[in-house]
Amino acid sequence: MGIEYLGNKRNLENFIMENLVKHTSDSCHSCFDAFCGTGSVSAALKKKGYSVTANDFLVVSANMTAAILLNDEAPSFSGLVENGIISETDDPYSAVLCYLNSLNGVEGFITMNYSPLSIKNCDTERMYFSVENAKKIDAIREKIEGWTCFLAESESALLLADLVDATAAVSNIAGTYGCYMKYWKKKALKPIEMVKRDFVAGKPGARYAIMNDNVKDIIAEYDFDIIYADPPYTKRQYSAYYHILETIVMNDHPKLVGSTGMRNWKEKTSAFCYKRKAPGALRYMVEHARCKYFLLSYNDEGQIKHEEIMTVLSAKGEVVVEEMKYKRYKSNNSDNQRKDVIERLYILRMGNSDA
Ligand SMILES: C[S@@+](CC[C@H](N)C(=O)[O-])C[C@H]1O[C@@H](n2cnc3c(N)ncnc32)[C@H](O)[C@@H]1O
């Protein structure tokens, strides 16, 4: 379950959490997941009992993480029950998903732009979704929007995140939404279905918050015990690669350009994706961070060289580096070799910290 997301740390969760616990002090309670993406590290921090604030400048990512942090268990959907939209039941979450999965499809923004029916709109038969699945996505998104006044923030984040997961499972793409396949993948022809997820319970008294900002605009504003930074490390801009999921969550019917129908992704370009700007972006963050420990995930194929990272971090305190090697399949290698990648976790204990 969960979407395929560049740089997602689902498989590195143990490596990150073990080292975070090992190298930080027991007096640390609050963490800031500054580039939260799918929320996998936020979920692990929540499970360990930390208070977590998560941020990402993509709305879809902030929302995926909100669904994890704001729900300790399946919500009651009391607004929908009290207003007779779903019947009283022991399992309102299942009832809501069943309701949404049973909706008749409608020809909305996703259908008219990202299924073959886009031909009516823009002279291109885009094949991101089958017509049937696109109509269902439109119907479900419209219904969740219509329910806004009956849903708590946590409930609406959960339903949108479940819709994103369901959409990802039937997307006719090779990993990201930069382009669509020119033939139908088997998974894209299966009917879309929202499915129940598992929840992560936090520690009683722990607090959770979500932000949706460019990290450079907020880094100097708040204090945390631990800041965990997992910025992009390649030139691939997330706003372009996940543009359709962003549009589904934002539901803002943007102006689209090009044969792939991109929204204006340039509004959210990350300095970390440019070789020239990335070192400065990291330096700015570290200089303005208000924390006891600053942790950075990065790998040896990134825009910033290890030596440069060490220079930036060491200027602020003591640095420990933990490494993990893993094999990555390189699809653009002519000989289809597997390549070893070194994933690093840099742990900076701030010089002015007494932790
Ligand atoms: C490597 S991914 C994080 C993956 C995440 N740890 C996970 O496990 O899913 C980097 C994230 O940083 C976000 N991002 C990039 N530049 C940003 C910025 N300047 N401010 C806030 N978020 C940013 C991207 O949208 C993307 O979700």
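See the values below:
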| quantity | calculated |
| --- | --- |
| Residue within the range 233-252 that is at positive phi and touching a residue at least 24 places away in the same chain (Cβ under 8 Å) present | yes |
| The range 203-222 residues that are within 20 Å of T269 (Cα to Cα), paired with ones that are more than 9 Å from the ligand (Cβ to nearest atom) and assigned to a loop (DSSP other than H, G, I, E, B) (beta carbon under 7 Å, 6 or more apart) | I219/A289 |
| Within the range 49-82, considering residues that are out of contact with any helix residue (DSSP H, G or I) (no Cβ under 7 Å at 6 or more places or on another chain) and assigned to a loop (DSSP other than H, G, I, E, B), the one nearest to the ligand (Cβ to nearest atom) | Y50 |
| Close pairs from the range 1-25: first more than 10 Å from the ligand (Cβ to nearest atom), partner assigned to a loop (DSSP other than H, G, I, E, B), Cβ under 8 Å, at least 6 apart | M1/V195; M1/R197; E4/G175; E4/T176; M17/K48; V21/K48; T24/A355; S25/A355 |
| Selection count, the range 26-43, where residues are of a type in the set (G, A, S), closer than 15 Å to D223 by Cβ and within 14 Å of the ligand (Cβ to nearest atom) | 1 |
| In the range 148-164, the residues that are buried (at least 19 other Cβ atoms within 10 Å of the Cβ) and in a helix (DSSP H, G or I) | E155, S156, A157, L158, L159, L160, A161, D162, L163, V164 |
| Pairs, first closer than 13 Å to G302 by Cα and among the aromatic types (F, W, Y) in the range 267-283, second outside any loop (DSSP other than H, G, I, E, B) and near the ligand (Cβ under 8 Å from one of its atoms), C-beta under 7 Å, six or more apart | F272/A281 |
| Number of the condition not met by T311 [criteria: (1) in a helix (DSSP H, G or I); (2) at pLDDT below 95; (3) polar (S, T, N, Q)] | (2) |
| From I192, I219, I227, residue being more than 23 Å from G302 (Cα to Cα) and either of a type in the set (D, E, K, R) or buried (at least 20 other Cβ atoms within 10 Å of the Cβ) (or both) | I192 |
| Any chance K46 is more than 14 Å from the ligand (Cβ to nearest atom), over 24 Å from D217 (Cα atoms) and part of a helix (DSSP H, G or I) | no |
| Residue within the range 22-40 that is assigned to a helix (DSSP H, G or I), within 27 Å of K325 (Cβ to Cβ) and hydrophobic (A, V, I, L, M, F, W, C) present | no |
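For every residue, the table says whether it meets (1) more than 15 Å from the ligand (Cβ to nearest atom); (2) modelled with pLDDT under 95.
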site: Y274; (1), (2): no, no
site: C291; (1), (2): yes, no
site: S297; (1), (2): no, no
site: E301; (1), (2): no, yes
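Yes/no per residue for (1) assigned to a loop (DSSP other than H, G, I, E, B); (2) within 13 Å of the ligand (Cβ to nearest atom):
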site: V195; (1), (2): yes, no
site: G205; (1), (2): yes, no
site: A209; (1), (2): no, no
site: E221; (1), (2): yes, no
site: D225; (1), (2): no, no
site: P232; (1), (2): yes, yes
site: R236; (1), (2): yes, yes
site: I248; (1), (2): no, no
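The values are calculated or read from the model by the stated rules, or taken from the named source; none is laboratory data. Note that the coordinates shown come from a computational prediction; the quantities given were computed from them, not determined experimentally. Quick reminder, even Gly has a Cβ in these numbers, built from the backbone with ideal geometry, and neighbours come from all protein chains shown.
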